[in-house]
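Below is one structure, written out as structure tokens; comments come after it.
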Amino acid sequence: MKAVTVKLDESGLDGLLRRVKTAQQSGFDRFDLCIQNPQLPLGRIVNSLREGKVSLVALRLLEPRNDALVLRRPGYAKVGAKDPAIAARSAEMVAETALALAELRPQFLILDGGYVNVNRLHDKQLQLDELLDCEDNEAARKDATDRIIRLDKALVEEQLVNLCRGLHSIAKRVSPLKICLLPPDSPFGLLQPDAMKLVFADLKGLGFWHSTSNAALLHKLGGPRPQLWMEDFATRLQGVYLADMLGGHGEQPPGLGEIDFQKLAPELASNTVRVLVVDDDKGTKLRFGKDYLSKVGIF
């Protein structure tokens, strides 16, 4: 099954509907709805998408990077927050949004684990972004990354407990919607492979949703090779976000960056949902990405 992401962001409902129309004109009839910053009552979104005959495959709840890095307030990426009250309220927000959009009948709810609660997280993440943009030497980039990253194992375990508690709560409320987890795009992301395994061991019904650009960015900062995610979580793989990486920038149109999608094609089972991720109102990048993925055998 192939689909395309459409985002609800600061452009509001009008921007979302433009993206839907552009995708439909490019031949897509299934959608992954990414709620990034809802500014309208969700009921209006449901009505508008139903009128547009939008078939929803997945619902992704995502916080913009700057919001996700603010750890003192709840949000979609704070289910694993250190503060139990923020974690609990974040889980409620996720469940409330999913239930409000249930009429659109998505099959999957896609979440990420957010960030480890370290001091000066925003500043440290900016340092990592600068390394991705400015440092071409792999060894030098790794050394600099190692100096920036200092994670407290006990803190990570504490946050994982809160995350699992929140995911249990969400799963009960949104059933039969299947929850899937994404790999992080940063070494500060909570769900590194070992942490992901612990969460999967605690919640048997969770799925894995791969992200090519997240995995590539993480690997560029010294993280695991992208193929490891597919190998370790193959039995839980439900879908994949197909986006390229260029320098330090993810979610670029496939075929315009550094990721070799030809190597990915044989690793995808026939029932894996394949979602093109491209932010494009006009359709030029969308059509390029679609044609490229068809050429390499993914679409």
Could you tell me the convex hull volume per residue, in Å³, taken over the Cα atoms of the chain?
121 Å³
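Could you compute Rg(Cα) / (2.2 N^0.38 Å) for region 192-273, with N its residue count? Let's see the in-between values first.
Values: Rg = 12.8 Å, N = 82, 2.2 N^0.38 = 11.7 Å.
So the Cα radius of gyration is 1.09 times the expected 2.2 N^0.38 Å.
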Net charge near Leu198 (other residues with Cβ under 15 Å of its Cβ; Lys, Arg +1; Asp, Glu -1) is 0
Rounded to 5, percent antiparallel among DSSP beta bridges of the chain
10 percent
Aspartates and glutamates near Lys7 by alpha-carbon distance under 13 Å, same-chain residues fewer than 8 away left out - which ones?
Asp32, Glu63, Glu251, Asp279, Asp280, Asp281
Which order do peptides 145-158, 57-70 fall in by mean Cβ count within 10 Å, highest first?
57-70, 145-158
Can you grab the distance from the C-alpha centre of region 57-110 to the C-alpha centre of region 211-232, Å, no decimals?
23 Å
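Which whole-number percent gives the relative contact order of the chain, counting Cα pairs below 8 Å spaced six or more residues apart?
Values: 544 pairs, mean separation 52.1, N = 299.
Result for the chain is 17 percent.
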Going by average Cβ neighbours within 10 Å, how do the peptides 239-251, 274-286, 44-56 rank, with the highest at the top?
239-251, 274-286, 44-56
Kindly put Val79, Val4, Val161 in sequence by how many other C-beta atoms sit within 10 Å of each C-beta, fewest to most.
Val161, Val4, Val79
What ranking do 92-102, 215-225 get when scored by the average of other Cβ atoms within 10 Å per residue, highest first?
215-225, 92-102
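Each value in this text was obtained by applying a stated rule to the coordinates, not by laboratory testing. Small disclaimer: the values here were computed from a predicted structure and weren't measured. Here the Cβ is made from the backbone with ideal geometry for all residues, glycine too, and neighbour counts use every protein chain on show.
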